Amino acid sequence: MSKVIAAHNYYIYIITNKNKTVLYIGVTNNLVDRLYYHNNPEAHSKSFSHKYKCKYLIYFEHFLDIETAITREKQLKKWNRSKKEVLINLQNPNWDFLNDTI
């Protein structure tokens with residue numbers, strides 16, 4: 001009897017504000033829904049992304065298990081701004097907003 005392994009999708013992502021001055025890193029199992037939430041926060045939300053108007057996707061990575069995704073998210077959150085910029089530049093050198101491409 002073979003064991004069926006369900007495929008899972010998890011993402012770490014980096015969003016920014018319109019002027020690209022603030023970076024927010026998160027993890028999710030549904031990137032499209034999470035971006036919708038960032039673009040349509042609750043009216044009185046006190047979240048970091050809402051406060052700094054971070055809603056533009058500029059970077060993401062895909063994972064098949066949540067533990068690996070969370071570990072990567074924690075790693076990136078510890079990095080300084082310049083190291084995060086190098087990572088973003090490798091995948092998205094123009095820092096194009098990727099919201100409509102996913």
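The values are calculated or read from the model by the stated rules, or taken from the named source; none is laboratory data. In this text the structure is predicted, and so the values were computed from the model without any measurement. Backbone-built Cβ (ideal geometry, glycine too); neighbour counts: all protein chains shown.
May I ask you to list the residues in region 28-54 that are assigned to a helix (DSSP H, G or I) and small (Gly, Ala, Ser)?
At the first step, the residues of region 28-54 found to be assigned to a helix (DSSP H, G or I) are 31-39, 48-51.
Of everything in region 28-54, just one residue is assigned to a helix (DSSP H, G or I) and small (Gly, Ala, Ser), namely SER49.
Taking the options HIS44, HIS38, HIS62, name whichever one is more than 19 Å from LYS18 (Cα to Cα) and either at pLDDT below 95 or of a type in the set (Phe, Trp, Tyr) (or both). Quick ask: steps written out before the conclusion?
Details: HIS38 fails: more than 19 Å from LYS18 (Cα to Cα); HIS62 fails: either at pLDDT below 95 or of a type in the set (Phe, Trp, Tyr) (or both).
Among HIS44, HIS38, HIS62, only HIS44 is more than 19 Å from LYS18 (Cα to Cα) and either at pLDDT below 95 or of a type in the set (Phe, Trp, Tyr) (or both).
Being of a type in the set (Phe, Trp, Tyr) and either touching an Asp or Glu at 6+ places or on another chain (Cβ under 6 Å) or more than 17 Å from ILE88 (Cα to Cα) (or both) is the requirement here; does TYR59 meet it? Show your work before the answer.
Values: of a type in the set (Phe, Trp, Tyr): yes; either touching an Asp or Glu at 6+ places or on another chain (Cβ under 6 Å) or more than 17 Å from ILE88 (Cα to Cα) (or both): no.
Answer is no for this residue.
Does ILE25 count as in contact with a Ser or Thr (Cβ under 6 Å, 6 or more places away or on another chain), part of a strand (DSSP E or B) and free of Cβ contacts under 8 Å to residues at least 60 places away in the same chain? Walk me through it before giving the result.
Working: in contact with a Ser or Thr (Cβ under 6 Å, 6 or more places away or on another chain): no; part of a strand (DSSP E or B): yes; free of Cβ contacts under 8 Å to residues at least 60 places away in the same chain: yes.
The answer is no for ILE25.
Would you say LEU57 is in a strand (DSSP E or B), crowded, with 18+ Cβ neighbours inside 10 Å and on the phi < 0 side of the Ramachandran plot? Explain how you work it out, then say what you get.
On the way: in a strand (DSSP E or B): yes; crowded, with 18+ Cβ neighbours inside 10 Å: yes; on the phi < 0 side of the Ramachandran plot: yes.
So LEU57 fits the description; yes.
Looking at region 31-42, which of its residues are under 20 Å from GLU61 (Cβ atoms) and either of a type in the set (Lys, Arg) or touching a residue at least 12 places away in the same chain (Cβ under 8 Å) (or both)?
Here is the first cut: in region 31-42, the residues under 20 Å from GLU61 (Cβ atoms) are 31-38.
Listed by number, the residues that qualify are LEU31, VAL32, ARG34, LEU35, HIS38.
Can you tell me which residue is modelled with the highest pLDDT among those in region 80-102 that are in contact with a helix residue (DSSP H, G or I) (Cβ under 7 Å, 6 or more places away or on another chain) and assigned to a helix (DSSP H, G or I)? Talk me through it step by step, then tell me what you get.
Quick first cut of region 80-102, residues in contact with a helix residue (DSSP H, G or I) (Cβ under 7 Å, 6 or more places away or on another chain) only: 84, 95, 99, 102.
Those left that are additionally assigned to a helix (DSSP H, G or I): 84, 99.
On the way: LYS84: 98, ASN99: 95.
Selected residue: LYS84.
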